[in-house]
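Novice: I am attaching a structure below and will ask some questions about it afterwards.
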Amino acid sequence: MTTNNPQYLIPNTRLLITGATRLTGVIGWPVGHSLSPAMHNAAFAALGLDYVYVPLPVPPTRIGEAVRGLVALGFAGANVTVPHKPAVLPLMDDLTPIARALAAVNTIIVRPDGSLLGDNTDGYGFMADLQSQIANRKSQIEQVLVLGAGGAARAIVYALAEAGTTIAVVNRTPARAAELCQTVRRALPAAVVSAHPFPDALPELAARADLIVNATSLGLHGDADALPWNPAVPFRADQVVYDLIYNVETPLLKLAAAGGAQVIDGLGMLVHQGARSFELWTGQKAPVDVMFEALRRETGNRY
Ligand code: ATR
């Protein structure tokens, strides 16, 4: 098929599909909005790898069949996104310690013997992006304030605790924050994590935070959303404010930038979690710059 629609053109590819093409993809419901196919196909093309990455829309009632189908169809692996990350857990033959601790799988690896390994690369993606973005920072990140206690927050807190930082989790529903802290402490007994109510605890915790991470869904709709913050609490120039949201500039990042803080959106985390999945499937180092560029293209060069 030939098409002039740029969405279907992948640069530097001679022929996209051969008789030996390895399959990968993303299982989600819905999945049509995913930027991962553009990112991974650009990476495969850049390295000349005979792989393809396809969207796999799977309703919750069919998740078991779909995962078993990966093996039957000879997939190299797949990503897993909302709402299936917890549901695929019992379908795996093995889990990495982090996937087990988070009770969520975002990457499935189909091993040569047909068995399935479930991993979670979200925390890795966050840390890899954070480290690259703050490479020029003079002082270390020691105190972290995480806003939110859902699945995204859990992956971030686990990774930050593993890196040895002190973490305060603030959430609208304090019991969820307490549960998150317990989960992380169970997996990492040396973790220094504490739970606090939103928004009362913000002034004190913000004053000592080097890094503030928004892992709530507030900001997904841009200016239409409330702040996951108290606007009377100031940001400082020596703070880093990281928002996991990547589709819009969130009200939190605008406020933090106005206060002089270094702001980072979630696009880099998306790239680096994908890069890790790519490496697990192919055994090759992922072309991170190519993946960033593909996402910038997809999002209209807003980044
Ligand atoms: P995900 O798995 O993507 O992290 P989630 O589990 O739905 O999504 O978590 C969303 C997070 O945003 C939660 O921390 C949620 O707070 P609650 O645990 O109290 O629900 C937070 N959140 C969503 N809407 C919010 C709002 N209007 N005000 C404050 N926090 C909100």
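No lab work stands behind these numbers, since they all come straight from the coordinates. The model shown is predicted, which means the values in this text are computed figures rather than measured ones. When we count neighbours, we look across all protein chains shown, and the Cβ atoms used for this are built from the backbone with ideal geometry, even at glycine.
Novice: How large is Rg over Rh for the range 195-303, taking Rg from the Cα atoms and Rh as the Kirkwood inverse mean of 1/r across Cα pairs?
Specialist: 1.04
Novice: Using the charge dipole of the chain (Lys, Arg: +1 at Cβ; Asp, Glu: -1 at Cβ; taken about the Cα centre), state which of Ala201, Pro55, Leu270 has its Cα farthest towards the positive end.
Specialist: Result: Pro55.
Novice: Here's a follow-up. Which order do peptides 97-108, 19-30, 42-53 fall in by mean Cβ count within 10 Å, highest first?
Specialist: Packing proxy ranking, top to bottom: 97-108, 42-53, 19-30.
Novice: Over the Cα atoms of the range 123-265, each weighted equally, I'd like the Debye log10 I(q)/I(0) at q = 0.09, 0.10, 0.21, 0.22 Å⁻¹, rounded to two decimals.
Specialist: -0.23, -0.29, -1.42, -1.56
Novice: Further, regarding this structure: Taking amide hydrogens as modeled 1.01 Å from N in the peptide plane, which residues meet the under 5 Å criterion relative to Val80, leaving out close sequence neighbours?
Specialist: Placed amide hydrogens put Ile27, Thr107, Ile108 under 5 Å from Val80.
Novice: At a 10 Å Cβ-Cβ cut-off, how would you order Leu220, Leu188, fewest neighbours first?
Specialist: Going from least to most buried by this count: Leu220, Leu188.
Novice: Hey, another quick one. Let me have the 222 nm mean residue ellipticity of the chain computed from DSSP H runs of 4+ only, each contributing -39500 (n - 2.57), with the sum over all residues rounded to the nearest 500.
Specialist: -10500 deg cm²/dmol, from helical runs alone.
Novice: Something else now. Hey, any idea what the orientation-averaged projected area of the convex hull of the range 82-135's Cα atoms comes to, in nm²?
Specialist: Reported value for the Cα convex hull: 4.5 nm².
Novice: Also, quick follow-up: Report the Stokes-Einstein translational diffusion coefficient (µm² s⁻¹, integer) for the chain, Rh taken as the Kirkwood radius over Cα pairs, at 20 °C with viscosity 1.002 mPa s.
Specialist: Value of D from the Cα-based Kirkwood radius: 107 µm²/s.
Novice: Where does the charge balance sit around Gly123 when Lys and Arg score +1, Asp and Glu -1, over other residues with C-beta under 12 Å from its C-beta?
Specialist: The answer is -2.
Novice: Given +1 on the Cβ of Lys and Arg, -1 on the Cβ of Asp and Glu, and no further charges, what dipole in debye does the chain carry about its Cα centre, rounded to the nearest 20?
Specialist: Dipole of the chain, to the nearest 20 debye: 200 debye.
Novice: Which Cα, out of Asn136, Ile156, Gly64, lies furthest along the positive dipole direction of the chain (beta carbon charges, K/R +1, D/E -1)?
Specialist: Gly64
Novice: Something else about it: If we count every other residue with Cβ under 12 angstrom of Gly77's Cβ, Lys/Arg +1 and Asp/Glu -1, where does the sum land?
Specialist: +1
Novice: Where does the Debye-calculated log10 I(q)/I(0) of the range 156-202 sit at q = 0.21, 0.28, 0.33 Å⁻¹, using only Cα point scatterers of equal weight, no solvent?
Specialist: Taking Cα atoms of the range 156-202 as identical point scatterers yields -0.62, -0.97, -1.18.
Novice: Got a sec to turn the phi values of the range 220-236 into Karplus ³J(HN,Hα) couplings, 6.51 cos²θ - 1.76 cosθ + 1.60 with θ = phi - 60°, whole Hz, x for Gly and Pro?
Specialist: Those phi angles translate into 4, 9, x, 5, 6, 8, 5, 6, x, 8, 9, x, 7, 8, x, 9, 10 Hz.
Novice: Using a Gaussian network model of the chain whose springs link C-alpha atoms within less than 10 Å, name the residue from Leu73, Leu89, Leu180 with the highest mean-square fluctuation.
Specialist: Leu73
Novice: For Cα pairs less than 8 Å apart in space and 6+ apart in sequence, what is the mean separation divided by the residue count of the chain, i.e. the relative contact order in percent?
Specialist: Taking the mean separation of contacting Cα pairs over the length of the chain, I get 15 percent.
Novice: Could you please report the charge total around Pro251, scoring K, R as +1 and D, E as -1 over all other residues with beta-carbon less than 14 angstrom from its beta-carbon?
Specialist: Net of charged neighbours comes to -4.
Novice: List, largest first, the extents of the alpha carbons of the range 111-155 along their principal axes, each in whole Å.
Specialist: 48, 26, 13
Novice: Where nothing but the Cβ of Lys and Arg (+1) and of Asp and Glu (-1) is charged, how large is the charge dipole of the range 123-265 around its Cα centre, in debye to the nearest 20?
Specialist: 300 debye
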